[in-house]
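Got a structure here, written out as structure tokens. Questions coming.
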Amino acid sequence: MKTRTGYMTENENRLHARGFLTPFQAGPSPWFRRKKFYTNLLRRSAAECLASALLMFVSLSASSAFCTVDEDVRVPTPVMVGLAEGLAYAGLMAATAHISGGHLNPAVSLGILISGHLNVLAALFYIIAQFIGSILGAAAVLAYEFDVPHSFGNGSSNSCIPINTAVTSLSKGVNQSQGILVETMLSLLLVMVFIHMTVEETEFKSIAPLVIGLTLAAAVISSYNVTGGSVNPFRSFGPAMIANKWKDHYVYWIGPLCGSCIAGTFYKLLFSSKAWVPLAEETPIQ
């Protein structure tokens, strides 16, 4: 017998015949009532949490300045930080794509949600898992934190602590509006590439982790001397919380989330194979 949600199973037919089920009650249960959905969601969230923690650890380790005992400061270059973060992202995405999709970034999860390829509950679990992972990854940097006094050229002295130097901040002369614009544009780039490389069935899908990782590397390198190369709210939140440094912190939330919303909306409206605004039929040139 056919029901509101499909055909009844053999067991449901027997229950219906005995008067225990009506056609309205029978049929496949909604996704939010299935125990397997929550089991898989926890498994996917665990993958996001672990991968986010590892990505955070690599990112902060690469972007931390270290002072040696002879007061020599080792300052990372934008290329070094960008490649470290991009290659780590590519590897972790390749490892977790079959489990959770390898988002590792709330801006990416928000973009996928807006594009229609992730439900609200899963997006919420992902973001919470990424939040926990970012804190764990930032805290792990404290395992090798040390405080070495360093004398600067102007005669003043300061302490070079890795977690402090890894906090993202606006460069001198860059105001908050400019920082938001830079983070918005580069997050738009990252999320747009992520969406188009993962949700559409294309011949290039097999190299998606590498392409997305290199895109992240390009975004970090190009913005490192402007905003610190965040492109991820939790990349800024983790070290800010551990080091208790919150100056201009809202820039690293507004920018990436705005870029994510723009990327998801453009995909949904124009670029999806099921876009709200369908493509016009092609006509041959006369």
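Throughout, read-outs are computed from the coordinates displayed, never taken from laboratory work. Keep in mind it's a predicted model, so treat the numbers as computed, not measured. Methodologically, a virtual Cβ is constructed for each residue, glycine included, from the backbone with ideal geometry; neighbour enumeration extends over all protein chains shown.
Based on the Cβ-Cβ distance of E201 and S177, what FRET efficiency does E = 1/(1 + (r/R0)^6) give at R0 = 41 Å, to the nearest 0.05? All intermediate terms of the calculation are to be shown ahead of the outcome.
On the way: r = 39 Å, r/R0 = 0.96.
Computed FRET efficiency for E201 and S177: 0.55.
Order of 77-85, 48-56 by packing, highest average Cβ count within 10 Å first? Could you put the intermediate results ahead of the total?
Numbers: 77-85: 18.6, 48-56: 25.0.
Averaged packing, sorted descending, gives the order 48-56, 77-85.
A further question on this structure: Distance in nm between label sites at S273 and R43, each 7 Å beyond Cα in the beta-carbon direction?
Roughly 2.5 nm, to one decimal.
Considering all alpha-carbon pairs of segment 171-279, what whole percent are spaced by more than 17 angstrom?
Numbers: 3384 of 5886 pairs.
Looking at segment 171-279, the distances longer than 17 Å represent 57 percent of pairs.
Another question, if that's okay. If each of V79 and A218 carries a label point 7 Å out from its Cα toward its Cβ, how far apart are those two points in nm?
For the pair V79/A218, the computed spacing is 1.7 nm.
Per-residue counts of other Cβ atoms within 10 Å, averaged by peptide: what ranking do you get for 264-272, 185-193, highest first?
So the order, starting with the most tightly packed, is 185-193, 264-272.
Once the cut-off is 12 Å, how many percent of the Cα-Cα pairs in segment 206-267 end up in the long-distance tail? Working shown, then result.
On the way: 1384 of 1891 pairs.
Above the 12 Å cut-off, segment 206-267 has 73 percent of its Cα pairs.
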